[in-house]
């Protein structure tokens with residue numbers, strides 16, 4: 001999977017340096033909106049004989065308005081704001097380990113996450129047809145993200161939570177199609193990047209633990225799959 005991802009990324013990056021320009025004109029202003037929604041659930045499922053009587057459900061959605069301006073043909077800078085929310089729960093789950101008498105169960109496990117992201121991005125376009133209706137793009141984005149997440153059981157599942165702040169340099173390829181002369185639709189997916197993050201664990205309103213981490217992560221991110229529409233001036 002990682003080899004395939006690297007191949008696709010290189011295939012997207014290389015054309016931006018060698019193909020003719022002209023998909024997005026200089027001084028074009030774009031006002032867009034992207035969003036995503038996932039709904040996952042399972043009932044009476046078995047995964048490799050380990051999970052039995054699984055009754056779970058989860059949802060994820062995000063909304064992201066953005067504004068961009070082309071300082072030259074096929075090269076734009078922009079600002080995007082994003083809000084996302086994820087909730088999930090396991091009403092019941094039995095875990096049985098084959099070959100042993102160990103059995104574990106989970107009841108009423110609840111998880112929730114709210115995230116706010118602000119980013120500055122640079123977008124490079126590559127047209128795919130002579131009429132400039134279809135084009136690929138690559139965003140390189142400098143992001144700041146703040147996420148509050150909780151995991152617990154029963155009525156007190158959200159009383160304790162983790163607050164994470166992250167700075168990230170991210171890459172996001174996508175496809176843009178003009179459905180009208182000044183209206184286009186887009187689809188994109190995040191493929192990771194470089195990050196620095198700090199997390200604080202709160203219990204009873206007080207900080208009980210902290211962690212700082214950094215690194216590089218390059219893989220498809222299902223929480224950064226978005227479809228949207230844009231108006232161009």
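Remark: spin-label model distance residue 140-residue 31 equals 2.9 nm, labels positioned 7 Å along the Cα→Cβ axis. Subtracting the Cα-Cα distance of residue 153 and residue 57 from their residue separation scaled by 0.36 nm leaves 33.1 nm. Computed from the C-alpha gyration tensor, the three semi-axes of the ellipsoid equivalent to the stretch 168-233 are 37, 15, 9 Å, from longest to shortest.
Once R0 is set to 25 Å, what does the formula 1/(1 + (r/R0)^6) return for the Cβ-Cβ distance between residue 179 and residue 67, expressed as a FRET efficiency to the nearest 0.05? Numbers along the way, then the final one.
On the way: r = 20 Å, r/R0 = 0.80.
For residue 179 and residue 67, the calculated efficiency is 0.80.
What is the calculated FRET efficiency for residue 132 to residue 79, with r their C-beta to C-beta distance and R₀ = 35 Å, to the nearest 0.05? It would help to have the intermediate numbers written out before the result.
On the way: r = 24 Å, r/R0 = 0.70.
With a Förster radius of 35 Å, E is 0.90.
Every number in this text was worked out from the coordinates using simple rules, so none of it is lab data. Note that the structure is a prediction, hence the values are computed from the model and not measured. Methodologically, a virtual Cβ is constructed for each residue, glycine included, from the backbone with ideal geometry; neighbour enumeration extends over all protein chains shown.
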